[in-house]
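The structure under discussion appears below in the form of structure tokens.
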Amino acid sequence: MSLPASPVHAQRLYCHTPSVRGSGPVAYWMSRDQRLHDNWALLQAQHMARTRQAPLIIVFCLVPSYSGGARRHFDFMLTGLRQVADSAAKLGIPFVLLTGEDPPGELAGFCRTHAIGTVVMDFDPLRTKQQWQHTFAGHWEGECLEVDAHNVVPCRWASEKQEYAARTIRPKLQRQLPEFLDPFPELVPHPVPWRGSLLPEPDWEAASRSLAAPEYGPPLSWSSGEETALDLAREFIASGLSAYAEKRNDPTAGAVSGLSPYLHFGQIAPQRVALMARDANWAPAESREGFLEELVIRRELAENFCFYNPVYDCFGGLPAWAQQTLDDHRGDHREVVYTFEQWEAARTHDPLWNAAQQEMVQTGKMHGYMRMYWAKKILEWSASPEEALSTAITLNDRYELDGRDPNGYTGVLWSIGGVHDRPWKERPVYGKVRYMNDRGAARKFDVQAYIRRFFPA
Ligand code: FAD
């Protein structure tokens, strides 16, 4: 019986080992896209395994000291992965949890022991994952394929260079959306059982104990996992999307989707959410378009930035005009300069800033409008732009459940360093970088209600 062609668009694939043809079992190295369904990388792995009548397994490499991670991130991630493992078992797909500080080495050892023929990896633009994947592909003798399962339009294909702004990537993405925004096929029960050497059973308790991650902030109440993510998306599309255009900038309105932690950990595909939003024809066009602008255009612009800019988290990653203007204003008088400890403890003179910081620490997610204000004030009250970038990125990665994400680095560099923005009226400290103040916030929402909620006197 011949199988149909791969359901995965050829432009989602990138072969790291063009001269190698794999045979035998296929392993999906799950990393960023931690879900069973709507996952182009897993669909491609299953297609390859079925074509060659071979078993399919999922392997995840847990790195106990993964940089910047806190307990809250690992707890959320492990809960979700456990659900993936249980659901995969029901489809005849074993799930292997490797633990170690050197994922490429751990995985290569595992693949040799178990005679894996092909490894399918998911796309991630950030440097740690890029390095792991290159190292693995360079040291392992089998076939190695990357699939972009995170972007609607695959990042490598959407553009071959760093884009200047939303206005330059938008037409490229919009032109290609009809081709890529297609429905997902089902992952089917895998017809070929694992018949190689004994696979290690995931030991979730031991994995959790092995973590070196510090406990930053209180435990969070988010429930994690693929089903929760889908429920949340359905609920938002059904009852929240309609008011998105009008209320999305009001942090007291509860009008945003709350999906970013699930998107960050790949528990839901952006493409699934985009399909749901596109088809929600009861919601005003302005809300649907506004939401898709954030979910697809802005998010994929951030992927583009981090993929093509190797210093996506540093001063050197800023556009030339912004570096110049921030340099010109290095010596400006600051009304106050805070230390990292003061920032982290929300001990500034500004109750609005403190409330935003507390929202992030206490809930694991700061509202998007406040993130801009929060980062810009860090620039205004830090000794240098470099220190501001470092403070904002460290706090963002430490406390936001969706931190350590391309959106985070791009959002911080947009706020502090004009990435994807344009020069504005020149003023002290900021130079020509766009300014924000609490009067602007007060025009948009009830600032006192927000402060009372997160930073009561
Ligand atoms: P919704 O408004 O419901 O949007 C849905 C999805 O669209 C989001 O989940 C996200 O994937 C995408 N999106 C929304 N706004 C943006 C944006 N401005 N840029 C890119 N994508 C967007 N996002 C993160 O995912 N992780 C971060 O660590 C992060 N840090 C940020 C730091 C700063 C300083 C700034 C200014 C922005 C940051 N963002 C970050 C982007 C944005 O604020 C969040 O994605 C959004 O607030 C998440 O909430 P939501 O899912 O309820 O958003």
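The values are calculated or read from the model by the stated rules, or taken from the named source; none is laboratory data. Being a predicted model, the structure only gives us computed values, none of them experimental. For neighbour counting, all protein chains shown are included, and Cβ atoms are generated from backbone atoms with ideal geometry for every residue, glycine included. To get the accessible areas, we keep the full protein, side chains included, count just its heavy atoms, and leave off ligands, DNA and RNA. Shrake-Rupley method; radii C 1.70, N 1.55, O 1.52, S 1.80 Å.
With respect to the conditions (1) within 13 Å of the ligand (Cβ to nearest atom); (2) open to solvent by 30 Å² or more (accessible area, probe 1.4 Å), Thr391 falls short on a single one, namely (2). Among the residues of the range 127-152, the ones that are open to solvent by 20 Å² or more (accessible area, probe 1.4 Å) and farther than 16 Å from Arg21 by Cα come to 8 in all. In the list Ala346, Ala322, which residue meets the criterion of being crowded, with 17+ Cβ neighbours inside 10 Å, away from the ligand (no atom under 12 Å from the Cβ) and part of a loop (DSSP other than H, G, I, E, B)? None of the other options fit; the residue is Ala346. Residues that are part of a helix (DSSP H, G or I) and within 17 Å of the chain's Cα centre (by Cα) within the range 67-92 comprise Arg72, His73, Phe74, Asp75, Phe76, Met77, Leu78, Gly80, Leu81, listed in sequence order.
Within the range 219-238, take every residue that is charged (D, E, K, R) and open to solvent by 50 Å² or more (accessible area, probe 1.4 Å) and give me the one that is nearest to Asp86 (Cα to Cα).
Glu227
Those residues that are exposed (fewer than 12 other Cβ atoms within 10 Å of the Cβ) and either under 18 Å from Cys155 (Cβ atoms) or polar (S, T, N, Q) (or both), I need them from the range 180-207; list them, please. Matches in the range 180-207: Ser197 only. Summed over the range 77-104, the residues that are among the acidic types (Asp, Glu) and either closer than 23 Å to Arg195 by Cβ or buried (at least 19 other Cβ atoms within 10 Å of the Cβ) (or both) give a count of 1. Yes or no: the range 175-193 includes at least one residue that is of a type in the set (Val, Ile, Thr) and either within 25 Å of Arg71 (Cα to Cα) or over 18 Å from the mean Cα position of the chain (by Cα) (or both). Looking for residues that are of a type in the set (Val, Ile, Thr) and either within 25 Å of Arg71 (Cα to Cα) or over 18 Å from the mean Cα position of the chain (by Cα) (or both), one finds at least one in the range 175-193, hence yes.
If Pro64 meets every condition in (1) farther than 18 Å from Pro125 by Cα; (2) outside any loop (DSSP other than H, G, I, E, B) apart from one, which number is that one? Here Pro64 clears every test but (2).
Screening Ala457 against (1) at pLDDT below 95; (2) open to solvent by less than 70 Å² (accessible area, probe 1.4 Å) leaves a single unmet condition, (2). When Arg422, Arg452, Arg427 are checked against the criterion of being among the basic types (Lys, Arg) and more than 18 Å from Leu326 (Cα to Cα), Arg452 stands alone in meeting it.
In summary, Pro385 fulfils each of the numbered conditions (1) in contact with a Phe, Trp or Tyr (Cβ under 9 Å, 6 or more places away or on another chain); (2) more than 16 Å from the ligand (Cβ to nearest atom) with the single exception of condition (2).
Checking the condition free of Cβ contacts under 8 Å to residues at least 24 places away in the same chain and charged (D, E, K, R), which residue from Arg156, Arg175 passes?
Going through Arg156, Arg175 in turn, the sole match is Arg175.
Give me the residue from the range 263-290 that is open to solvent by less than 10 Å² (accessible area, probe 1.4 Å) and within 8 Å of the ligand (Cβ to nearest atom) and, out of that set, nearest to Met30 (Cα to Cα). Step by step, filter the range 263-290, then rank; the result is Pro270.
Got a number for residues in the range 394-403 being surrounded by fewer than 23 Cβ atoms within 10 Å (Cβ to Cβ), more than 11 Å from the chain's Cα centre (by Cα) and closer than 16 Å to Glu359 by Cβ? Matching residues across the range 394-403 total 1. The strands (runs of 3 or more DSSP E) falling completely within the range 93-181 that include 2 or more residues that are over 17 Å from Tyr14 (Cα atoms) map to 95-99. Just checking, does the range 302-316 include any residue being closer than 15 Å to Ile416 by Cα and aromatic (Phe, Trp, Tyr)? Yes, that holds for at least one residue. Check the range 239-249 and report whether any residue there is more than 9 Å from the ligand (Cβ to nearest atom), among the hydrophobic types (A, V, I, L, M, F, W, C), open to solvent by 50 Å² or more (accessible area, probe 1.4 Å) and over 24 Å from the mean Cα position of the chain (by Cα). No - not one qualifying residue is present in the range 239-249.
Every residue, every condition in (1) over 28 Å from Thr363 (Cα atoms); (2) in contact (Cβ under 8 Å) with a residue 12 or more places away in the chain; (3) in contact with a Cys (Cβ under 6 Å, 6 or more places away or on another chain); (4) not aliphatic (A, V, I, L, M), yes or no:
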{"site": "Pro251", "(1), (2), (3), (4)": "no, yes, no, yes"}
{"site": "Ser287", "(1), (2), (3), (4)": "no, yes, no, yes"}
{"site": "Leu295", "(1), (2), (3), (4)": "no, yes, no, no"}
{"site": "Phe315", "(1), (2), (3), (4)": "yes, yes, no, yes"}
{"site": "Glu335", "(1), (2), (3), (4)": "yes, yes, no, yes"}
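For every residue, the table says whether it meets (1) open to solvent by 10 Å² or more (accessible area, probe 1.4 Å); (2) polar (S, T, N, Q); (3) without any contact (Cβ under 8 Å) to a residue 40 or more places away in the chain.
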{"site": "Pro18", "(1), (2), (3)": "yes, no, yes"}
{"site": "Pro25", "(1), (2), (3)": "yes, no, no"}
{"site": "Tyr28", "(1), (2), (3)": "no, no, no"}
{"site": "Leu36", "(1), (2), (3)": "no, no, no"}
{"site": "Ala45", "(1), (2), (3)": "no, no, no"}
{"site": "Ala49", "(1), (2), (3)": "no, no, no"}
{"site": "Ile58", "(1), (2), (3)": "no, no, yes"}
{"site": "Gly69", "(1), (2), (3)": "no, no, no"}
{"site": "Asp75", "(1), (2), (3)": "yes, no, no"}
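Any residue at all in the range 38-55 that's among the aromatic types (Phe, Trp, Tyr) and either out of contact with any Ser or Thr (no Cβ under 9 Å at 6 or more places or on another chain) or assigned to a loop (DSSP other than H, G, I, E, B) (or both)? Yes, the range 38-55 contains a residue that is among the aromatic types (Phe, Trp, Tyr) and either out of contact with any Ser or Thr (no Cβ under 9 Å at 6 or more places or on another chain) or assigned to a loop (DSSP other than H, G, I, E, B) (or both). One residue stands out among those in the range 349-376 that are in a helix (DSSP H, G or I) and more than 24 Å from the chain's Cα centre (by Cα): the one that is nearest to the ligand (Cβ to nearest atom), which is Trp353.
Out of the residues in the range 422-448 that are in contact with a Ser or Thr (Cβ under 6 Å, 6 or more places away or on another chain) and open to solvent by 30 Å² or more (accessible area, probe 1.4 Å), state the one that is nearest to His329 (Cα to Cα).
Restricting to residues being in contact with a Ser or Thr (Cβ under 6 Å, 6 or more places away or on another chain) and open to solvent by 30 Å² or more (accessible area, probe 1.4 Å), the top hit is Lys432.
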